[in-house]
1. Going residue by residue through region 61-68, is there one that turns out to be surrounded by fewer than 24 Cβ atoms within 10 Å (Cβ to Cβ), closer than 20 Å to His221 by Cβ, modelled with pLDDT of 95 or more and not assigned by TED's automatic domain parsing to the domain that holds Gly286?
2. Scan (1) more than 26 Å from Glu107 (Cα to Cα); (2) out of contact with any helix residue (DSSP H, G or I) (no Cβ under 8 Å at 6 or more places or on another chain); (3) modelled with pLDDT under 95 for the single condition Pro293 breaks and write down its number.
3. What helices (runs of 4 or more DSSP H) completely inside region 167-222 contain at least 1 residues that are in contact (Cβ under 8 Å) with a residue 40 or more places away in the chain and acidic (Asp, Glu)?
4. Quick check on this structure: which one of Val439, Val404 is surrounded by 21 or more Cβ atoms within 10 Å (Cβ to Cβ), under 20 Å from Leu9 (Cβ atoms) and out of contact with any Lys or Arg (no Cβ under 7 Å at 6 or more places or on another chain)?
5. When region 248-283 is examined, which residues are found to be under 26 Å from Pro143 (Cα atoms), buried (at least 24 other Cβ atoms within 10 Å of the Cβ) and out of contact with any Phe, Trp or Tyr (no Cβ under 6 Å at 6 or more places or on another chain)?
6. Of all residues in region 329-355, count the ones that are surrounded by fewer than 24 Cβ atoms within 10 Å (Cβ to Cβ) and under 20 Å from Ala254 (Cα atoms).
7. For region 85-98, what are the residues that are under 21 Å from the mean Cα position of the chain (by Cα) and surrounded by 24 or more Cβ atoms within 10 Å (Cβ to Cβ)?
8. Being surrounded by 13 or more Cβ atoms within 10 Å (Cβ to Cβ) and assigned to a helix (DSSP H, G or I) is the filter here, so list the residues in region 464-483 that pass it.
Amino acid sequence: MVGLLVAVLASVLAPHRPQPPAALGGDPVLVQEASAVIDGRSAQAVAVARFPRTAPDDVQWAFGGTRSAGEDVAVGAETPFETGSIFKVITAMTLAEMSERGETAPERTLGEVFPELGIEDPALASATLADLATHTAGLTSVPAGPNVLGQWVLPLAAGSDPYRATPEPLEALRTTSVQQPGEYRYSNLGYAVLGAALAEEAGTPFPELVRERILDPLGMHDTLIATTEVPPGAAPPHLQPGARAQPWLNPAYAPAGVGTWSTPADMVRLAQGVATGEAPGLGSLGVVRPDVPGSGLEGLVRDGAAVHLGLGWHIVEDAGSGTVTMHNGATYGTQTMLALGEDDAVVVMGNAGTLTATEAGIGLLGLAPEGGADAGADEERIAAAVLAATQQFAGAGLTLLMLVLPPLLLGGLVLRGRTLITQRRMDRLRLISLPAGAVAWMLAAQRMGDWSLLPAPVWGAACGAVVAGLVLAAWRFRAAPVEAARVRGLHLAVFPVSLLFSAGLAAMSLWGLLISRI
């Protein structure tokens with residue numbers, strides 16, 4: 001009876017609830033094409049814009065989904081989203097704009113910009129601003145701080161902000177060593193350092209500098225750097241539809257796209273400024289590093305397409321589609337894309353980490369392998385759809401396994417009063433560790449599982465089964481021996497390890513559920 005009561009309550013109060021597919025509405029032509037490259041089940045909310053380069057004011061719009069889990073608020077052109085790394089092109093355009101004014105130069109080295117910093121690695125001191133802007137300085141993606149667990153492992157599992165525990169970029173610069181300088185190595189640390197260098201050269205804090213040089217001239221007044229909280233009316237990030245994530249808010253890494261927010265309308269203004277040649281810092285679009293391997297775009301564009309680097313921009317040359325200039329962005333809960341092709345420009349912004357914004361933007365410009373009139377395009381689309389469905393069902397199956405197996409083991413073993421393999425009596429140590437593990441896996445399934453196909457009552461039933469097992473364990477506890485294992489010493493050693501694992505898994509899952517609501 002207790003289990004049934006808990007099952008009902010957990011079904012009603014489940015923090016992660018499946019969302020209906022985000023159905024796009026708006027311009028009929030764009031809706032049809034966008035729906036073919038965006039799986040509505042992968043999006044909490046999504047905004048898509050496209051305009052012809054010959055008529056940049058003729059913007060087509062398509063919107064779908066709701067702003068946040070548990071809300072029935074649609075997104076629009078003025079809804080703020082995290083930009084992710086799209087902001088890197090704004091940082092790089094600031095470098096180009098300042099270079100045109102003679103305030104700095106891409107050839108300036110870090111040693112010249114920060115002579116008093118005491119950079120220990122000579123190769124890093126000789127790295128140029130252009131090296132930072134093209135990810136060829138040899139820096140890692142982020143500095144390796146002393147707290148690896150708090151910096152990356154726990155945030156990745158819990159959906160929290162990893163940059164809250166990341167060392168400040170200039171502090172890390174003193175002791176960081178470069179690896180394979182001259183080769184493409186995508187680096188958020190490099191862009192954070194680039195932003196600090198531009199602020200040093202201009203004598204102006206980076207947020208003020210980038211607003212003065214790029215944002216205000218383009219009319220991007222709703223684009224900002226958040227330091228403590230998300231902008232009002234924003235579409236907050238989600239690990240997947242229905243599961244909130246914590247936004248990234250470290251302003252020291254804003255030049256790399258951390259804590260930066262913009263609206264689809266502002267991103268269109270940026271694309272329009274580039275398309276018309278009216279944007280500041282257009283020198284950033286010139287090719288600086290040709291034929292770059294390992295850019296991350298291989299496999300997303302047609303075979304034979306070459307990927308070059310401008311300052312910040314990725315430039316794809318394709319025999320069928322011409323030149324496409326682009327950059328994407330991603331956090332744990334946001335996916336964005338801005339691309340300008342020969343004929344059209346497209347912007348995609350969504351607040352779910354499962355959204356494939358890059359593939360959607362490339363597809364809308366006809367650059368994807370399955371786009372255009374390539375032979376076998378239909379077969380490739382079918383194969384891609386089958387792969388996506390397989391991955392979704394696999395995720396749901398794994399989640400179901402996390403929910404079903406622990407309570408089944410708990411209830412079955414406690415009812416039998418015997419262990420599964422050795423058939424020993426259930427002792428008090430097992431009557432503590434088994435329920436602890438079941439509770440931990442139940443919470444982990446709620447936070448880390450794939451709920452796109454599973455209804456909330458599934459989690460409620462698992463909660464009820466676990467609580468029923470807890471009641472049974474408590475009922476048997478007084479009569480059970482303290483320890484009844486065949487190898488007493490091994491059992492006593494494994495017991496605290498098991499409890500620590502369960503406590504850590506439960507705490508990490510609870511933390512993720514908590515911060516998603518803050």
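The values are calculated or read from the model by the stated rules, or taken from the named source; none is laboratory data. Small disclaimer: the values here were computed from a predicted structure and weren't measured. Cβ placement follows ideal geometry from the backbone for every residue including glycine, while neighbour counts extend to all protein chains displayed.
1. Yes, some residue in region 61-68 is surrounded by fewer than 24 Cβ atoms within 10 Å (Cβ to Cβ), closer than 20 Å to His221 by Cβ, modelled with pLDDT of 95 or more and not assigned by TED's automatic domain parsing to the domain that holds Gly286.
2. In the conditions (1) more than 26 Å from Glu107 (Cα to Cα); (2) out of contact with any helix residue (DSSP H, G or I) (no Cβ under 8 Å at 6 or more places or on another chain); (3) modelled with pLDDT under 95, Pro293 misses (1) alone.
3. 188-202
4. Within the list Val439, Val404, the selection yields Val439.
5. Ala254
6. 3
7. Correct list: Ile86, Phe87, Lys88, Val89, Ile90, Thr91.
8. Gly464, Ala465, Val466, Val467, Ala468, Gly469, Leu470, Val471, Leu472, Ala473, Arg476, Phe477
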